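Comments concern the structure below.
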């Protein structure tokens, strides 16, 4: 049986706020640690029938990039809903929400650019 690993390393400041986040994986095409500004991990706890989550982001993560990250994660969840459950309606509803949030974010970015 093949075994695959994903590893994260987080450097924290004195208030335990992430300053640097690094990751590596068995199947990572890049050699060695890669850096990132945000991670979101969700696990299904079948003993308690609930989700365990870890969300971390560094001080350098821009708010607009965090919003984009959230929208893209939700879009991925739509794909997962379709592939894992076959529930096309659920996937479509999530995608509609992503479309609405993407439009709102584009308007927000445009408004910020006009203020500059």
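Read-outs throughout are calculated quantities, based only on the coordinates presented, and are distinct from any laboratory measurement. None of these values were measured; they are calculated from a predicted model. In this analysis, Cβ positions are derived from the backbone assuming ideal geometry, glycine residues included, and neighbour counts consider all displayed protein chains.
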Practice prompt. Provide the percentage of antiparallel DSSP beta bridges, counting only those with both residues in the chain; round to the nearest 5.
Written response: 100 percent
Worksheet item: If you wrap the chain's Cα atoms in a convex hull and average its projection over all directions, what's the area in nm²?
Response: 11.2 nm²
Worksheet item: Want the number for residue 46 to residue 109: 0.36 nm per residue separation, take away the alpha-carbon distance, what's left?
Response: 18.6 nm
Discussion item. Given points 7 Å out from each Cα along the Cα-Cβ axis, report the residue 39 to residue 13 separation in nanometres with one decimal.
Written reply: 2.0 nm
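Remind me, relative contact order of the stretch 1-59 in percent, using alpha carbon pairs under 8 angstrom and six or more residues apart?
28 percent.
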Worksheet item: Given R₀ = 25 Å, FRET efficiency for residue 6-residue 93 by Cβ-Cβ distance, to 0.05?
Response: 0.25
Discussion item. With an 8 Å Cα cut-off and a minimum separation of 6 or more residues, compute the relative contact order for the chain in percent.
Written reply: 15 percent
Discussion item. Can you show me the helix-derived [θ] at 222 nm for the chain, built from DSSP H runs with n ≥ 4 at -39,500 (n - 2.57) apiece and divided by the number of residues, rounded to the nearest 500.
Written reply: -15500 deg cm²/dmol
